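Input: a single structure, listed below in structure tokens.
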Amino acid sequence: MTDLLSIGASGARAYQSALATTSDNIANAATTGYSRRVATVREVVATGGNTSAINSGLGANVGGVTRAADAFKATEVRTASSDLARTLTGATWLSRIDTGLTQNQLGSQLTAFFTSAKAVAADPTALPARATMLENAASVAAAFSATGKALDGAMTDLKASADTAVTQLNNLSASLAKVNAGLARATDGTAGQAALLDQRDQMLEQMSALTDVNVSFDAYGRASVRAGGSSGPVLVDGAQAAIVSQTSNDEGAFAFSVRQPTGEVQIMSPNGGAMAGIAESGNRIATARDQISQMAQDFAEGVNAVQAAGSDLQGNAGQPIFAVGDPAYQLSAVMSDPRGIAAAAAGGGTRDNSNLAGLETLRTSGNFEQGVTDLTAANGAALAGRNSVADAQSSIRDAAVSARDSISGVNIDEEAVDLMRFQQAYQASTRVIQVARETLQSILDIR
């Protein structure tokens, strides 16, 4: 009877643990990063000289809590997440460039300026037409300045995003090092170990969204992480974490470095994740801003050169309409008197408009309006291409996540079936205990 009692008790304990594990799965079905756990119930095997189990057996126990996970599926998710994050980051800043190029209507303002110059040429002595031309000149200058400042603001925000990404990566590295330390102390096959492994995988996925990571695991499940490929600098090794930093310049170049716990500094070259997208976007923003600045300088210098070649309504040599700032996109309209527009050739008289032909020549040779259109169109095409790639990569990542979750995710229907099965087994085990106690009591009553 003692054997029967111990067998029933072992079964009750084993299925109580199985019920608790299943309940934990159900409770965490919607918890991000949670991997399904399975309590492995196994037979207690007789060892040594124990012969009492020949006829009755020794019962059952829980061999440990097994975490449902697939390392290869998790690697695929990290790779897909890294690729998608790089593309989405690039698309975000391409959209920011597009906004900067279009919101101030620079192309339209240039067109309005050259059109107003034609109105002055039609009637060189009409002050209203001259005043309109100066108003349009001020609008062009404001549009150049606003466009350049918008791109400058995008660069400033991009640098802030780089700092944020670096901070997030350092925090994740430090947290992962602590998880590694916990895994070294955790007992194998326990719920605590499974929870630490969940945290480890979730942190690795978050790190992959910032930079591409190469991950290896030791016998304890501790992760060793390198950034930028298998030969890149180590971010986390055991319970130690490196520190990442970034620097950037006005030309849009971003550089990332890693300081190891030993003090050694290594170059980090991200090929994926948000950091790679940031580095790429810095060059794009700087290029667009430089093109706007060069265009502003060429436009202002060209208009001023036409002015210098002619004479105004009072017969004086034409003075500059624009002043070029530093940076060059900061144009300002410096002429306030409409009579100062040099429509006539030198000595041509007040009715002469021949000098304004120089503006039409400048319009054609400078190709300013088309330049703005081409720059905007090229950026828009790049943005459309990135969005298309992002759609494809999003589908790839979704498929990778689905494949991983088919193994590690919680299926409520399956858990409900297990819950009923373990409940019945637990009730049957308690019934065994009850029968053993009743039988033992009957024997005692006979005596």
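A compact table of results
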item: Residue within region 371-378 that is free of Cβ contacts under 8 Å to residues at least 40 places away in the same chain and small (G, A, S) present; result: yes
item: Cross-chain or 6+ apart pairs with Cβ under 7 Å, region 13-25 first and more than 13 Å from A416 (Cα to Cα) and assigned by the TED database to the domain that holds S35, then part of a helix (DSSP H, G or I) and small (G, A, S); result: Y15/A425; Y15/S429
item: Residue among E438, E415 that alone is among the acidic types (D, E) and closer than 21 Å to S35 by Cβ; result: E415
item: Any hit, region 139-156, residues being among the acidic types (D, E) and free of Cβ contacts under 8 Å to residues at least 24 places away in the same chain; result: no
item: Residue within region 384-397 that is among the β-branched types (V, I, T), within 30 Å of A71 (Cα to Cα) and either in contact (Cβ under 8 Å) with a residue 24 or more places away in the chain or surrounded by fewer than 16 Cβ atoms within 10 Å (Cβ to Cβ) (or both) present; result: yes
item: So A323, is it free of Cβ contacts under 8 Å to residues at least 24 places away in the same chain, surrounded by fewer than 16 Cβ atoms within 10 Å (Cβ to Cβ), closer than 20 Å to E135 by Cα and not charged (D, E, K, R); result: yes
item: Qualifying residue in region 362-375 (condition: open to solvent by 60 Å² or more (accessible area, probe 1.4 Å), at pLDDT 90 or above and not in a helix (DSSP H, G or I)); result: yes
item: First in region 343-354 and farther than 16 Å from L127 by Cα and in the same structural domain as D312 (by the TED database), second anywhere and in a loop (DSSP other than H, G, I, E, B) and open to solvent by less than 70 Å² (accessible area, probe 1.4 Å), Cβ under 7 Å, 6 or more apart; result: A345/D352; S354/G348
item: Sole residue being over 14 Å from V166 (Cβ atoms), open to solvent by less than 60 Å² (accessible area, probe 1.4 Å) and either within 21 Å of the chain's Cα centre (by Cα) or outside the structural domain of T190 (by the TED database) (or both), chosen from G221, G263, G273, G229; result: G229
item: Matching residues, region 118-141, being open to solvent by 40 Å² or more (accessible area, probe 1.4 Å), farther than 12 Å from M335 by Cα and either outside any loop (DSSP other than H, G, I, E, B) or in contact with a strand residue (DSSP E or B) (Cβ under 8 Å, 6 or more places away or on another chain) (or both); result: K118, A119, A122, L127, P128, T132, S139
item: Boolean, R289 is modelled with pLDDT under 95 and either within 33 Å of the chain's Cα centre (by Cα) or not in a helix (DSSP H, G or I) (or both); result: no
item: Residue check for A400: in the same structural domain as V41 (by the TED database), assigned to a helix (DSSP H, G or I) and not acidic (D, E); result: no
item: Identity of the residue in region 336-361, in contact with a strand residue (DSSP E or B) (Cβ under 7 Å, 6 or more places away or on another chain) and aliphatic (A, V, I, L, M), that ends up surrounded by the fewest Cβ atoms within 10 Å (Cβ to Cβ); result: A346
item: Filter result (under 30 Å from S208 (Cα atoms) and surrounded by 15 or more Cβ atoms within 10 Å (Cβ to Cβ)) within region 410-420; result: V410
item: Residues satisfying the stated conditions in region 17-34, i.e. part of a helix (DSSP H, G or I) and out of contact with any Lys or Arg (no Cβ under 7 Å at 6 or more places or on another chain); result: S17, A18, L19, A20, T22, S23, I26, A27
item: Qualifying residue in region 176-184 (condition: outside the structural domain of Q103 (by the TED database), open to solvent by 50 Å² or more (accessible area, probe 1.4 Å) and modelled with pLDDT of 95 or more); result: yes
item: Any hit, region 210-217, residues being on the phi > 0 side of the Ramachandran plot and in a loop (DSSP other than H, G, I, E, B); result: no
item: Candidate set from region 166-209 (those that are touching a helix residue (DSSP H, G or I) at 6+ places or on another chain (Cβ under 7 Å) and outside any helix (DSSP H, G or I)); member that is nearest to I267 (Cα to Cα); result: A209
item: Some residue of region 310-317 being touching a residue at least 40 places away in the same chain (Cβ under 8 Å) and open to solvent by 30 Å² or more (accessible area, probe 1.4 Å); result: yes
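One line per residue, one yes/no per condition, for (1) among the charged types (D, E, K, R); (2) touching a residue at least 24 places away in the same chain (Cβ under 8 Å); (3) surrounded by 22 or more Cβ atoms within 10 Å (Cβ to Cβ); (4) within 22 Å of A344 (Cα to Cα):
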residue	(1), (2), (3), (4)
E280	yes, yes, no, no
T287	no, yes, no, no
S293	no, yes, yes, no
A300	no, yes, yes, yes
Q319	no, no, no, yes
Y329	no, yes, yes, no
S332	no, yes, no, no
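Quick grid of which residues meet (1) assigned by the TED database to the domain that holds G252; (2) at pLDDT 90 or above; (3) in contact with an Asp or Glu (Cβ under 7 Å, 6 or more places away or on another chain); (4) open to solvent by 20 Å² or more (accessible area, probe 1.4 Å):
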{"residue": "A46", "(1), (2), (3), (4)": "no, no, no, yes"}
{"residue": "N50", "(1), (2), (3), (4)": "no, no, no, yes"}
{"residue": "S56", "(1), (2), (3), (4)": "no, no, yes, yes"}
{"residue": "V62", "(1), (2), (3), (4)": "no, no, no, yes"}
{"residue": "S81", "(1), (2), (3), (4)": "yes, yes, yes, no"}
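The values are calculated or read from the model by the stated rules, or taken from the named source; none is laboratory data. Quick caveat: nothing in here was measured; it's all calculated off a predicted structure. With ideal geometry, Cβ positions are generated from the backbone for all residues, glycine too; neighbour counts draw on all protein chains shown. Note: areas computed on protein heavy atoms with side chains; ligands, DNA, RNA excluded. Shrake-Rupley method; radii C 1.70, N 1.55, O 1.52, S 1.80 Å.
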